[in-house]
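> Structure provided below as structure tokens; questions to follow.
The values are calculated or read from the model by the stated rules, or taken from the named source; none is laboratory data. Bear in mind that the values here come from a model prediction, so they are computed numbers and not experimental data. Note: ideal-geometry Cβ built from the backbone for every residue, glycine included; neighbour counts use all protein chains shown. Note: accessible area is taken over every heavy atom of the protein model, side chains too, but ligands, DNA and RNA are not part of it. Shrake-Rupley method; radii C 1.70, N 1.55, O 1.52, S 1.80 Å.
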Amino acid sequence: MSLVILENIKKDYITGEISTPALKGISLSIEPGKFISFIGPSGSGKTTLLNLLGGLDRPTSGKVTVAGTEISALDRRASAKFRGENIGFIFQNFNLIPVLSVYENVEFPLLMVQELPPAERRLRVTEMLEKVGMSDQAHKYPGQISGGQKQRVAVARALAARPKLVLADEPTANLDHATAYKVIGLMHAMKKELDTTFIFATHDQKVVGEAEQIYTIEDGLLSAGVK
Amino acid sequence: MNNIIKIAWRNLLRYTRRTLLTSSLIALGVALVIVFGGVGNSFRGGVIEIITNSNLGHLQVHKKGYIGSMDNLPLDLSIGEKGLEGLRKVLDSSPEVLSYSERIRFGAMISNFASTTNMRLTAVHPEKESATCPDLPGRIKEGESDPAAFVKPGAIVLPQNIASGLGFKLGDEVVLVANNKDGSVNGLSFRLSGISENIMGPQGKDGYIHLEDARTLLRIEGEEVTEVAVKLKDFDRLTGATSSIKKELADLAGAGQKPGAEAASGAQPGRGAKAGLEVHTWEELSPFASIAKMVALLIIVVRLVLVFIVLVSVLNVMMMSVYERVGEIGTMASIGTPPNKILALFLTEGLSLGFFSGVIGSAAGAGILLLLKALEIPFTFGSMDLVLSPSVPVGEIALALLVVIVISALASLQPALKASRMEPVDALRHV
Ligand SMILES: Nc1ncnc2c1ncn2[C@@H]1O[C@H](COP(=O)(O)OP(=O)(O)OP(=O)(O)O)[C@@H](O)[C@H]1O
Ligand SMILES: [Mg+2]
């Protein structure tokens, strides 16, 4: 069964009188356990698509189904619950919570969203920090670590909740090349180890090499599935 | 919940300067309320104690209509023998009454043979008067001030202003001339046994003579008085005690009236046959009551200012907090944090700010009050010497804290709701 099914997704942004069509009819399905990249020029609609996949926004028309749930039909609360249980997010700006330590950032979704018991949380956080190689920095705060390290923490946070799907919008855009490759490498390794589906958006041609499947978006439409 | 508090505190500490500034503003407000409340209540309590203990008593009983024409000190509106008998029964049996003093108050001319002036006099039994107004003997600055016998038959106590006005010294002979209630004039001479300091209030400049002398001077036969001052065991029970005494006096009047009803058609209102008494508390008798009310009102105004300070400063800080952290809110929301937890986070932040500041302010306020108490600052109000000894008002502190907490919660509610209702996409774009 497909993990993600998009059926004729359209998205118009309406600002005042003007309506901007950002997605003009996208259909595709994604199997579980894949490492997928969307590429395309700036303004092509990658972020828009990822937001719809993650249930952060709703399509103007069409259906988004993730893990058997039609998320485009969920209300705010149900959608938040669904995201907390099924989807991990990695952001371009890392988006760690500045008042929480590295450890607490990774623990946050387990505590505030999934409400796991303390022992279980400790186990998972320690495990994830070890996997991303940040165990020795666990007590530091986001302001005290580098960009690459922040993104590794963000990967750990996204995966600690054991989501079925991880969405990453331009995860390497704020990193230098060497670090970018490392982070993508880490994501790939995690995908293999945890059998999680990764979807990331980028316009950085050099980074997409790691992807198993590449979709190209141009002007709100899928132009071709490369690879 | 612990984690929400932890995150809220860290966020408060993140903007240290702003938090400290807001916090000190709120703390200052709370301290102000507590100090003002403490000092105001201490002043109020002090003055009330002086006037009730010096001459008013806690409450007074008169013949109906007396207070209305009190300025003339009418002798014809007196409590007659039967009325007094009933009144004594009520007061003696009331568990609330500590003591009471029967008085005849009247106006008289006082003369040193060379010149003459008008004055007011209160005639009392000294031991009963002292039990009811225990501060009175202490206010007799010169001469006899023994509580049990500060005014013996044949003696008179004059207030300072009259004594010095007429050039009287202790032991001098003083002549009083008074009209009795039928209009005839009588005179009697007294020996000046004491000079009392003047105090504020309607009876603050009265002279004192013995009750028996007044009866002689005014040619009153039998037991008849114009006023009964009452001291309660517990001043705080004033309202309850007054209404129960009123009720019992009314029952007494009712009982007295019924059997007399047939005879009453004969239309001769027997003297004191109907109790017809009125009861007034010190508040209704003293002009200070309105000052006391003003002080109470001012305390309320200061509290309102506190409410305003807390409301504006917490609202301001929380609105800024939400605005500055839109990106963070977006992150939390997108990874699935439920809206109610985001709400709780910001509410807790505002509440912690208010509570923390409130506790600091309370401690500071209580500290200042304790200091004032230790310093025993004396001051004079009217002609009364007071020492400020504010006690730390536990109720006031609890109230101030409660107000701060409730208002902080209210002030944080709007920003917190705004945070919890943000759409994750919009919030994330804000980064
Ligand atoms: N909130 C919005 N309101 C109006 N128009 C928007 C909004 N967000 C995106 N758009 C428009 O939708 C189109 C797609 O935007 P989107 O952000 O999805 O592109 P993108 O592929 O992610 O670009 P980039 O690579 O620069 O991040 C663009 O034309 C953009 O201007
Ligand atoms: Mg984008």
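> Report the full-extension gain for the segment residue B:198 to residue B:172: residue separation times 0.36 nm, less the Cα-Cα distance, to one decimal in nm.
Computed gain between residue B:198 and residue B:172 is 7.4 nm.
> As a test question: what accessible area, to the nearest 10 Å², does residue B:300 have when a 1.4 Å probe is rolled over all protein chains in place?
80
> Related question: Please report the buried accessible area for the interface of A with B, total over both chains, probe 1.4 Å, in Å² to the nearest 100.
The summed interface area works out to 2400 Å².
> Where does the charge balance sit around residue A:69 when Lys and Arg score +1, Asp and Glu -1, over other residues with C-beta under 12 Å from its C-beta?
Working: positive: A:63, A:81, A:83, A:164; negative: A:70, A:85.
The answer is +2.
> Continuing with this model, one more query. May I ask what percent, to the nearest 5, of DSSP beta bridges between residues of chain A are antiparallel? Don't skip to the answer; put the middle values down first.
Values: 22 of 40 bridges.
For chain A, the DSSP antiparallel bridge percentage is about 55.
> Something else: log10 I(q)/I(0), Debye, Cα-only chain B, no solvent, q = 0.08, 0.10, 0.14 Å⁻¹?
-0.63, -0.78, -1.17
> Okay, moving on. Please work out the FRET efficiency for the pair residue A:120 and residue B:359, using the Cβ-Cβ distance as r and a Förster radius of 41 Å; give the result to the nearest 0.05. Walk me through the numbers on the way to the answer.
On the way: r = 36 Å, r/R0 = 0.88.
The value I calculate is 0.70.
> For the peptides A:168-178, B:151-161, what is the packing order when you average, over each peptide's residues, the other Cβ atoms within 10 Å and list the highest mean first?
Values: A:168-178: 18.5, B:151-161: 21.1.
The packing order, highest mean first, is B:151-161, A:168-178.
> Right, another one. What full-extension length gain, to one decimal in nm, is calculated for residue A:127 and residue A:2 as 0.36 nm per residue of separation minus the Cα-Cα distance? Display every interim value, and only then the final one.
Details: separation 125, 0.36 × 125 = 45.00 nm, distance 2.89 nm.
The residue A:127-residue A:2 span can extend by a further 42.1 nm.
> Measuring from label point to label point, each 7 Å out along Cα→Cβ, what is the residue B:89 to residue B:141 span in nm?
Result: 4.6 nm between the two label points.
> Using a 1.4 angstrom probe with every protein chain in place, what is the largest-first accessible-area order of A:131, A:206?
Per-residue accessible area, sorted high to low, gives A:206, A:131.
> Which shape class applies to the protein assembly as shown: rounded if a/c is under 1.5, otherwise prolate when a/b exceeds b/c and oblate if not, where a ≥ b ≥ c are the square roots of the Cα gyration tensor eigenvalues?
It is prolate, given that a/c is not under 1.5 and a/b is the larger ratio.
> Report the full-extension gain for the segment residue B:219 to residue B:49: residue separation times 0.36 nm, less the Cα-Cα distance, to one decimal in nm. Show your work: numbers first, answer last.
Values: separation 170, 0.36 × 170 = 61.20 nm, distance 3.51 nm.
Length gained, residue B:219 through residue B:49: 57.7 nm.
> Please give the calculated 222 nm ellipticity per residue for the protein assembly as shown, where each DSSP H segment of at least 4 residues contributes -39500 (n - 2.57) and the sum is spread over every residue; nearest 500 deg cm²/dmol?
Result for the protein assembly as shown: -15000 deg cm²/dmol, rounded to the nearest 500.
> Amide H neighbours of residue A:93 under 5 Å, at least 5 residues apart or on other chains, H built in the peptide plane: list them.
Hits under the 5 Å cutoff: none.
> When the Karplus curve 6.51 cos²θ - 1.76 cosθ + 1.60 is applied with θ = phi - 60°, which whole-Hz ³J(HN,Hα) does each residue of segment A:20-37 get, with x for Gly and Pro?
Per-residue couplings from phi come out as 9, x, 8, 10, 10, x, 10, 10, 6, 9, 10, 7, x, x, 9, 10, 10, 10 Hz.
> Residue by residue, what Karplus-based ³J(HN,Hα) values in Hz, rounded to whole numbers, does segment A:205-221 have, using 6.51, -1.76 and 1.60 with θ = phi - 60° and x for Gly and Pro?
Going residue by residue, I get 4, 6, 7, 6, x, 6, 6, 7, 9, 10, 10, 9, 10, 9, 6, x, 10 Hz, with x marking Gly and Pro.
> Among A:147, A:54, A:209, which one shows the highest mean-square fluctuation when chain A is modelled as a Gaussian network with alpha-carbon springs under 10 Å?
A:209
> Taking every residue in A:81-88, how many Cβ atoms of other protein chains lie within 10 Å of its Cβ, on average?
Taking the mean over all residues of the peptide, I get 3.
> Can you give me the Cα centroid spacing of segment B:403-423 and segment A:165-227 in angstrom?
40
> So how much accessible area does residue B:15 have, in Å² to the nearest 10, using a 1.4 Å probe?
Number for this one is 50 Å².
> In nanometres, what is the gap between the two model label sites at residue B:81 and residue B:125, each 7 Å from Cα along Cα-to-Cβ?
1.7
> Next question. So which lysines can residue A:63 reach, going by Cα to Cα under 28 Å and dropping same-chain residues fewer than 8 places off?
A:10, A:11, A:24, A:34, A:46, A:81, A:164, A:191, A:227
> Could you tell me which residue out of B:130, B:160, B:97 lies farthest along the dipole of segment B:65-233 toward its positive end? Charges go on the beta carbon: Lys and Arg +1, Asp and Glu -1, centred on the Cα centre.
Highest projection toward the positive end goes to B:160.
> Note down the net charge around residue B:428, summing +1 for each Lys or Arg and -1 for each Asp or Glu among other residues with Cβ under 11 Å from its Cβ. Before the final figure, lay out the partial values.
Details: positive: B:429; negative: A:57, A:169, B:328, B:423, B:426.
So the surrounding residues net to -4.
> Of A:14, A:217, A:36, which has the largest mean-square fluctuation in a 10 Å C-alpha GNM of chain A?
A:14
> Follow-up. Determine the percent antiparallel among the DSSP beta bridges restricted to segment B:65-233, to the nearest 5. All intermediate terms of the calculation are to be shown ahead of the outcome.
Details: 30 of 39 bridges.
Antiparallel bridges make up about 75 percent of those DSSP assigns within segment B:65-233.
> For residue B:128, list the lysines whose Cα falls under 19 Å from its own Cα; do not include residues on the same chain fewer than 8 positions away.
Within reach: B:89, B:152, B:231, B:233.
> Determine the shielding of peptide B:325-334 by partner chains: average, over its residues, the number of Cβ atoms on other chains within 10 angstrom of each Cβ.
For peptide B:325-334, the averaged partner shielding equals 5.
> Tell me the net charge near residue B:189. Cut-off is 13 Å between Cβ atoms, residue B:189 excluded, with +1 for each Lys or Arg and -1 for each Asp or Glu.
-2
> With a Förster radius of 45 Å, plug the Cβ-Cβ distance of residue A:189 and residue B:402 into 1/(1 + (r/R0)^6) and report the FRET value to the nearest 0.05. Kindly include the intermediate steps, with their values, before the conclusion.
Details: r = 56 Å, r/R0 = 1.25.
Using R0 = 45 Å, I get an efficiency of 0.20.
> Next question. If you average the sequence gap of Cα pairs under 8 Å that are 6 or more apart and divide by the length of segment B:65-233, what percent do you get for the contact order?
32 percent.
> To continue, here is another question. How would B:182, A:136, B:426 line up by accessible area, probe 1.4 Å, largest first?
Sorted descending by solvent-accessible area, the residues read B:182, A:136, B:426.
> Report the semi-axes of the equivalent ellipsoid for segment A:21-151 in whole Å, largest first, where each axis is √(5λ) for an eigenvalue λ of the Cα gyration tensor.
Details: eigenvalues 186, 70, 36 Å².
Value: 30, 19, 13 Å, ordered largest first.
> For the full complex of protein chains and a 1.4 angstrom probe, list B:210, B:62 by accessible area with the highest value first.
I get B:210, B:62, largest accessible area first.
> Would you please classify the overall shape of segment A:72-227 from the alpha carbon gyration tensor, given that a ≥ b ≥ c denote the square roots of the eigenvalues, rounded means a/c under 1.5, and beyond that prolate means a/b larger than b/c while oblate covers the rest?
Note, shape of segment A:72-227 comes out oblate.
> Here's another thing I want to ask about it. For segment B:65-233, what is one quarter of the convex hull surface built on the Cα atoms, given in nm²?
With every direction weighted equally, the projected area is 9.5 nm².
> Within 10 Å of each Cβ in A:96-105, how many Cβ atoms from other chains are there, averaged over the peptide?
So the per-residue partner count for this stretch is 4.
> Work from the charge dipole of the protein assembly as shown (Cβ charges, +1 for Lys and Arg, -1 for Asp and Glu, about the Cα centre) and give the residue of B:347, B:412, A:19 farthest towards its positive end.
A:19
> With each label point set 7 Å from Cα along the Cα-Cβ vector, what nm distance links residue A:15 and residue B:6?
It is 4.1 nm.
> With θ set to phi - 60°, apply the Karplus curve 6.51 cos²θ - 1.76 cosθ + 1.60 along segment B:408-416 and write out the HN-Hα couplings as whole Hz, x wherever there is a Gly or Pro.
Ordered by residue, 3J(HN,Hα) equals 4, 4, 5, 5, 7, 4, 5, x, 5 Hz.
> Rounded to the nearest 5, what % of the DSSP beta bridges within the protein assembly as shown are antiparallel ones?
70
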